[in-house]
Amino acid sequence: MSAQKMPAKILVLHGPNLNMLGTREPDVYGHETLDDVNAAIQARAEELGVGVACRQSNSEGELVTWIQGARGQAAAIIINAGAYTHTSIAIADALRAAELPIYEVHLSNIYRRESFRHHSHISGLAEAVICGLGPDGYLYALTTAAKAAKAVAA
Ligand code: DQA
């Protein structure tokens, strides 16, 4: 299989505390675990015919390293940076340097919550921001990212 015919690979990054999904504030984040969410992402990727890699870290530096590694390798990055969304210049700089389409996802509607969640360092870099749709947000982002990646590859 030539490089051009390889299925596009989309990187899905989950930031801090998202490993606690299912037990963490279920009234805000729902009852699905991160494994449930990743299984749904994987299933949708198979339907769409794209490759996907899902990773979670509580460490800002590890997320930066993964974003750096995606440059020239992944077709797009879907990221829920958790609280780092609101604080991390380092993650925003890495996303800018990756020169890839970025899709920002939040499970909750961050604009209906505390004011410190209303600012995102990522939104200005993103093709789209999806928040408040729970885990479906990842699936919408994946569908759009896959369509865009296929259009570029065609
Ligand atoms: C979140 C929203 C953030 O404000 C929060 O810190 C999270 C999760 C969400 O998915 O709704 O950890 O990104």
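Do the conditions hold for L48, that is, is it open to solvent by less than 60 Å² (accessible area, probe 1.4 Å), within 13 Å of the ligand (Cβ to nearest atom) and in contact (Cβ under 8 Å) with a residue 12 or more places away in the chain? The answer is no for L48. The strands (runs of 3 or more DSSP E) found wholly in the range 1-100 include none carrying at least 3 residues that are out of contact with any helix residue (DSSP H, G or I) (no Cβ under 6 Å at 6 or more places or on another chain) and modelled with pLDDT under 95. Candidates A92, A75: the one that is within 14 Å of the chain's Cα centre (by Cα), hydrophobic (A, V, I, L, M, F, W, C), more than 12 Å from the ligand (Cβ to nearest atom) and open to solvent by 10 Å² or more (accessible area, probe 1.4 Å) is A75. If only residues of the range 109-130 that are in contact with a Ser or Thr (Cβ under 7 Å, 6 or more places away or on another chain) and open to solvent by less than 50 Å² (accessible area, probe 1.4 Å) are counted, the one that is farthest from the ligand (Cβ to nearest atom) is A128. Beta carbons closer than 8 Å, at least 6 apart along the sequence or on distinct chains, never pair a first residue in the range 127-146 that is modelled with pLDDT under 95 with a second that is hydroxyl-bearing (S, T, Y) and open to solvent by 30 Å² or more (accessible area, probe 1.4 Å).
Is it fair to say N38 is touching a Cys at 6+ places or on another chain (Cβ under 8 Å), open to solvent by 20 Å² or more (accessible area, probe 1.4 Å) and either among the aromatic types (F, W, Y) or free of Cβ contacts under 8 Å to residues at least 60 places away in the same chain (or both)? Yes.
The values are calculated or read from the model by the stated rules, or taken from the named source; none is laboratory data. What you are looking at is a predicted structure, and each value in this text was computed from that prediction instead of being measured. Don't worry about glycine lacking a Cβ; one is built from the backbone with ideal geometry, like all the others, and counts go over all protein chains shown. All accessible areas refer to the heavy atoms of the entire protein, side chains included, with ligands and DNA or RNA removed. Shrake-Rupley method; radii C 1.70, N 1.55, O 1.52, S 1.80 Å.
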